[in-house]
1. Enumerate the amide H contacts of VAL12 below 5 Å, restricted to partners 5 or more residues apart or on another chain; note that Pro and chain-start residues carry no placed amide H.
2. Just give me a number: lysine pairs in the chain, eight or more positions apart or cross-chain, with C-alpha atoms less than 20 Å apart.
3. Write out the GluC sites (Glu not before Pro) in the chain meeting two conditions: DSSP loop, and at most 11 other Cβ atoms within 10 Å of their Cβ.
4. Can you tell me the FRET efficiency between LEU42 and LEU65 if r is taken as the Cβ-Cβ distance and R0 is 25 Å, rounded to the nearest 0.05?
5. Using all alpha carbons of the chain, what is the percent of pairwise distances in each 10 Å bin, ordered from the shortest bin to the longest?
6. Write out the chymotrypsin sites (Phe, Trp or Tyr not before Pro) in region 1-80 meeting two conditions: DSSP loop, and at most 10 other Cβ atoms within 10 Å of their Cβ.
7. So what is the accessible area of the chain per residue, in Å², with the probe set to 1.4 Å?
8. Whenever you get a sec, compute what percent of the accessible area on the chain sits on carbon and sulfur atoms (1.4 Å probe).
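The values are calculated or read from the model by the stated rules, or taken from the named source; none is laboratory data. Computed from a prediction, not measured in an experiment: that's the story for all the values here. All Cβ positions, even for glycine, are placed from backbone atoms using ideal geometry, and neighbour counts span all protein chains on display. Ligands, DNA and RNA are excluded from the accessible area calculation, which covers all protein heavy atoms including side chains. Shrake-Rupley method; radii C 1.70, N 1.55, O 1.52, S 1.80 Å.
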Amino acid sequence: MLSKVQGTCYFVNFLQDPKFDDDGVCVDERPKLYQFVEDLELVRNKALAFQKQHNEETRVGKLELVLFEYALEHLMRISRLINMDRGSAMLVGVG
């Protein structure tokens, strides 16, 4: 794997699709398995799919996010924090 890494490497745990049994019942909503991501386009497409799903399920509070590289990096960090037991962070905004 070290030979694949040329620049910044990312690991995310929200790329897996839900698992269903033979009857179509959801067994595991979203398996939490960290995966190495070589290209941020894969993460961007998955985040946009989640945004589209949210907008279809919610009538009020539609999301129209612009997911540039820096925003995706923060999204991956915040996702990791939220999924940890007792995970917390202090967000500081400037400007």
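1. GLN35, VAL37
2. Working: LYS19/LYS32; LYS19/LYS46; LYS32/LYS46; LYS46/LYS62; LYS52/LYS62.
The number of close lysine pairs in the chain is 5.
3. Numbers: sites: GLU29, GLU38, GLU41, GLU56, GLU57, GLU64, GLU69, GLU73; in loops: GLU29, GLU38, GLU64.
Loop-located and lightly packed - GLU29, GLU64.
4. Numbers: r = 17 Å, r/R0 = 0.68.
Efficiency, rounded to the nearest 0.05: 0.90.
5. Percent of Cα pairs in each bin: 12, 36, 38, 11, 2, 0.
6. Values: sites: TYR10, PHE11, PHE14, PHE20, TYR34, PHE36, PHE50, PHE68, TYR70; in loops: PHE14, TYR34, PHE68.
Qualifying residues, ordered by number: PHE68.
7. Details: 7810 Å² over 95 residues.
That works out to 82 Å² per residue.
8. Numbers: 4260 of 7810 Å².
About 55 percent, which is the carbon plus sulfur part of the accessible surface.
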